[in-house]
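The values are calculated or read from the model by the stated rules, or taken from the named source; none is laboratory data. From a predicted model like this one, the values you see are computed outputs, not experimental measurements. Here the Cβ is made from the backbone with ideal geometry for all residues, glycine too, and neighbour counts use every protein chain on show. Just the protein is used for accessible areas: all its heavy atoms, side chains included, with ligands, DNA and RNA removed. Shrake-Rupley method; radii C 1.70, N 1.55, O 1.52, S 1.80 Å.
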Amino acid sequence: MDSHISTPPALELIGISKSFGPVQANKDISIRVMPGTIHGIIGENGAGKSTLMSILFGFYKADKGDIKINGRHTLIPDSQAAIAAGIGMVFQHFKLVHNFTVLENIILGAEGGMMLSQSLSAARKSLKKLADDYELNVDPDAKIEDLSVGHQQRVEILKALYRKADILILDEPTGVLTPAEADHLFRILDNLRREGKSIILITHKLREIMEATDSCSVMRRGEMVETVKTADSSPAELAELMVGRKVLLEVDKVPAQPGAPILEIENLRHVDEQGVERLKGIDLTIRAGEVLGIAGVAGNGQTQLLEVLGGYAHATGTIRVNGTELDLTGKLSDGQSRRANGIAHVPEDRHHEGLILPFTAWENTAFGYHHDDRYQKGILMSNKAIKQDAQEKIERFDVRPPNPNLAARNFSGGNQQKIVVAREIERNPEVLLIGQPTRGVDIGAIEFIHKQIIELRDKGKAVLLVSVELDEIFALSDRIAVMFDGHITGERLATETNAQELGLLMAGETNTQEAAHG
Amino acid sequence: MDKMPPWADAVLVPVISLLLAAAISSIVILAIGENPIEALNYMIEGALLSSAGWGQVLYYATNYIFTGLAVAVASHARLFNIGGEGQAQLGGLGIAMLCLFIPFPHWTLAFVFAIVAAGLFGAAWAYIPAVLQAKRDSHIVITTIMFNYIAYALLNYMLVNVLRPEGAMEPASGNFPDNIHLPTFQEMFSYGDTILFRSAPANVSFFLAVIACIGIWVLVWRTRLGYELRAFGQSESAAKYAGINPARITIIAMLISGALAGMMALNTTMGYSERLVLNASEGAGFIGIAVALMGRNHPVGIFFAALLFGFLVQGGTELSFWTSIPTELIVVIQALVILFTGALDNMVRMPLVKLFALGKGDR
């Protein structure tokens with residue numbers, strides 16, 4: 001570090017502490033970020049990363065500590081001050097106006113002058129330059145709602161750069177991106193770094209830290225555990241620092257012993273509300289004791305497949321569970337009937353589907369199964385029975401804090417997902433649908449959830465796994481089917497394929513033998 | 001990290017809002033050259049210091065409990081039922097037709113049938129906007145407002161052309177039979193020579209309102225339907241995932257809401273006027289919105305908020321009786337209470353949340 005003394009750090013946090021009531025979210029945290037570097041901040045959900053960044057961006061006021069920018073003490077009482085100090089923030093959930101164009105979003109809050117046309121044309125010029133310099137191409141006149149998530153994120157980055165940010169903070173930027181989009185993002189970040197910008201990358205994905213950052217700070221329970229040079233570290237070391245114990249990054253499992261078919265899907269077709277055909281004749285079979293992974297870039301029909309199977313989208317074709325044909329359009333095509341047919345579903349989006357966030361944890365453990373006899377007492381619901389059940393699940397799945405009376409929104413992402421997984425797996429379903437099981441979930445919980453999935457498989461049940469994380473698909477699946485544009489472009493045994501081949505299938509290439517060799 | 005103890009949320013916030021509203025009201029009263037303390041004295045004396053005053057307060061409160069619960073039930077399913085007025089008037093129509101055309105041997109029997117009739121008519125009036133919302137996505141706020149006006153027109157027609165006794169000059173129905181007269185508080189609670197609640201309109205319907213509070217609490221927090229209602233209200237996408245039918249819940253929530261609003265007419269039409277008059281709902285459908293807002297959609301809160309609004313109406317009447325403060329000023333005071341307890345809720349809540357956070361930090 002002594003070599004850097006000549007140039008002050010672009011950003012220095014000294015002894016930052018912040019508590020919310022009795023919860024100490026940040027405890028005496030110090031970080032230095034040098035200009036022209038990418039600095040990773042890694043930690044499990046709830047480790048205090050987001051709080052720290054909120055302090056830096058002026059959303060919270062630190063109880064103690066100093067912020068120095070380019071060696072100068074800087075007070076950041078609000079986000080305007082942060083922007084003025086050259087800090088730009090790209091949030092996990094974008095803050096864009098959906099019916100505005102890219103250009104309009106970029107100048108929003110930085111209009112300058114009475115007439116819009118002036119600042120719009122100025123923005124158009126600088127946008128063009130930024131796009132050329134950093135591979136940040138976005139159509140300035142496209143409406144946000146028509147853009148892919150990856151492009152929306154570029155707009156957020158452009159917004160920050162347009163406001164002359166020198167320090168760019170990205171909060172879990174790849175959580176919503178496809179692998180290709182993520183790669184593009186990292187190329188952009190690399191370009192920015194070369195221009196001398198400083199970038200703070202907040203993530204819980206070890207691979208991204210290893211690939212993209214120069215140095216990396218590990219946070220655990222509000223404290224800074226260690227700052228390391230990325231090149232001198234390893235994923236295993238970082239994982240251990242994050243969790244505080246050794247972590248199995250691979251899933252421990254014996255080879256599958258598939259039995260009779262449990263879930264059979266034939267020629268499944270689904271047209272969405274806009275009249276677009278999202279499933280164009282899907283044929284799949286999952287046998288007992290087998291995990292079938294559906295790989296694919298998000299938005300190629302995986303979500304619709306889960307919705308049809310889970311009972312909240314209509315379809316044509318045939319679905320059979322243990323030989324019983326399911327109703328796909330009528331009265332018995334709802335979620336209740338699917339559950340009665342032995343299909344459990346951990347949805348892709350736990351915030352909008354899997355949980356009712358303002359409900360307590362115990363109320364959520366009955367969600368979807370609230371018609372179960374064991375939860376009834378005459379015409380009333382037996383809150384006692386539900387609470388007791390919730391308590392057992394919380395203990396068995398090690399949900400923290402182990403308080404069933406806490407609202408679901410007050411749990412961290414990993415613990416929320418544990419609540420959903422516990423609810424669905426504990427009923428011992430014939431078929432488990434599980435979408436993005438570990439999105440926004442910390443490493444400790446990932447390990448646990450993966451183990452539960454394999455355990456269910458080993459009980460002779462069928463598991464349909466949808467994930468955009470190829471690593472996860474490989475870690476869990478026995479067979480992998482790839483979806484592209486509403487079709488299955490190929491099915492492979494997990495042991496007989498590789499990321500390259502799947503990548504081709506994900507791009508719609510069906511003739512992978514030749515392409516892979518050619 | 002939890003914001004405030006529940007008691008502060010339920011009691012402290014409304015009380016402080018109320019004090020603020022009172023303070024501003026005092027300034028307004030001062031501005032027109034009257035004495036606010038004297039005014040408050042008149043209000044309290046007229047509304048709370050005699051059983052007759054209480055009889056008035058409880059009569060109004062009964063209306064507001066019903067309409068407040070109606071708004072609350074819909075609100076739990078994230079539906080904004082502004083149609084309480086129309087539903088209450090239809091409830092009155094149901095009661096009038098029942099009481100006028102069917103002879104009952106005793107008031108108890110008539111009361112039971114009237115509950116059903118008021119509920120059915122109110123629910124039916126809410127059913128159409130509900131179906132339009134559930135199946136056609138027509139916004140419930142717009143349709144329920146429209147249905148209020150349709151209800152006025154319908155009542156007008158019925159009272160002028162159908163129910164008005166021959167030769168009567170007034171757009172009102174004939175009197176209900178004497179034998180189905182509902183017991184008033186005066187009849188129920190006076191003993192010996194002591195007459196309580198003298199000529200106050202409060203009647204047996206008040207107890208039905210209290211039962212409705214308990215029933216709605218059980219329904220919302222202790223039954224499967226209430227669970228689905230709340231789940232749907234918090235997240236429609238999650239409700240779909242769980243297999244809760246959005247159209248079904250929308251319609252059921254509005255039926256219950258409409259039935260409650262309709263039952264308000266038991267108090268006004270059967271309990272008090274004992275005939276159907278024009279505009280029998282007395283604006284209670286709208287005040288119900290404020291009551292539900294102030295009561296946080298919880299029956300206990302609604303009960304107390306209804307009492308407060310009952311006090312304001314009765315106290316206001318007294319005020320215009322004894323002082324030169326014009327009746328319009330009462331509306332100003334009521335509006336201030338609604339403004340502070342409803343619209344400006346966060347203005348009081350935020351500083352309190354901060355205060356409590358500070359208190360915790362010191363420990």
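Observations, loosely collected:
One line per residue, one yes/no per condition, for (1) open to solvent by less than 10 Å² (accessible area, probe 1.4 Å); (2) assigned to a helix (DSSP H, G or I); (3) of a type in the set (Lys, Arg):
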position	(1), (2), (3)
A:SER126	no, yes, no
A:LYS129	no, yes, yes
A:ASP139	no, no, no
A:LYS164	no, no, yes
A:LEU168	yes, no, no
A:PRO173	yes, no, no
A:LEU177	no, no, no
A:ASP183	no, yes, no
A:ILE188	yes, yes, no
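- Within segment A:264-304, the set of residues being modelled with pLDDT under 95, at positive phi and open to solvent by 50 Å² or more (accessible area, probe 1.4 Å) comprises A:GLY275, A:GLY299.
- Filter pass, A:LYS159 being assigned to a helix (DSSP H, G or I), within 27 Å of A:GLU211 (Cβ to Cβ) and of a type outside the set (Ser, Thr, Tyr): yes
- Checking each residue in segment A:20-32 for being open to solvent by 40 Å² or more (accessible area, probe 1.4 Å), touching a strand residue (DSSP E or B) at 6+ places or on another chain (Cβ under 8 Å) and either free of Cβ contacts under 8 Å to residues at least 60 places away in the same chain or more than 14 Å from chain B (Cβ to nearest Cβ) (or both) picks out A:LYS27, A:ASP28, A:SER30, A:ARG32.
- With respect to the conditions (1) modelled with pLDDT under 90; (2) open to solvent by 90 Å² or more (accessible area, probe 1.4 Å); (3) more than 25 Å from the chain's Cα centre (by Cα), A:HIS93 lacks only one, and its number is (3).
- Whether a residue is touching a residue at least 40 places away in the same chain (Cβ under 8 Å) and either more than 20 Å from A:PRO429 (Cβ to Cβ) or within 11 Å of another protein chain (Cβ to nearest Cβ) (or both) was assessed, and A:TYR375 does not pass this test.
- Residue ID - farthest from the other protein chains (Cβ to nearest Cβ), chosen from residues in segment A:360-372 that are among the hydrophobic types (A, V, I, L, M, F, W, C) and within 12 Å of B:GLU228 (Cβ to Cβ): A:ALA366
- Out of B:GLU318, B:GLU328, sole residue that is more than 14 Å from every other protein chain (Cβ to nearest Cβ), open to solvent by 60 Å² or more (accessible area, probe 1.4 Å) and among the charged types (D, E, K, R): B:GLU328
- Among the residues of segment B:214-249, the ones that are open to solvent by less than 10 Å² (accessible area, probe 1.4 Å) and more than 12 Å from every other protein chain (Cβ to nearest Cβ) come to 1 in all.
- Residue among A:ILE202, A:ILE188, A:ILE169 that alone is in contact with a Lys or Arg (Cβ under 7 Å, 6 or more places away or on another chain) and in contact (Cβ under 8 Å) with a residue 24 or more places away in the chain: A:ILE202
- The set of residues in segment A:339-349 being outside any strand (DSSP E or B) and in contact with a Leu (Cβ under 9 Å, 6 or more places away or on another chain) consists of A:ALA340, A:ASN341, A:PRO347, A:GLU348.
- Residue in segment B:287-309 that is out of contact with any Gly (no Cβ under 7 Å at 6 or more places or on another chain), surrounded by 24 or more Cβ atoms within 10 Å (Cβ to Cβ) and among the aromatic types (Phe, Trp, Tyr) present: yes
- For A:PRO77, the conditions (1) open to solvent by less than 60 Å² (accessible area, probe 1.4 Å); (2) in contact (Cβ under 8 Å) with a residue 12 or more places away in the chain all hold with the exception of (1).
- Looking across segment A:305-338, just one residue is in contact (Cβ under 8 Å) with a residue 60 or more places away in the chain, assigned to a helix (DSSP H, G or I) and either open to solvent by 10 Å² or more (accessible area, probe 1.4 Å) or away from chain B (no Cβ under 13 Å) (or both), and that is A:LEU305.
- Of note, A:ILE199 does not satisfy the criterion of being assigned to a helix (DSSP H, G or I) and either surrounded by fewer than 18 Cβ atoms within 10 Å (Cβ to Cβ) or at negative phi (or both).
- Residue count for segment A:340-355, restricted to those that are buried (at least 22 other Cβ atoms within 10 Å of the Cβ) and touching a strand residue (DSSP E or B) at 6+ places or on another chain (Cβ under 8 Å): 7
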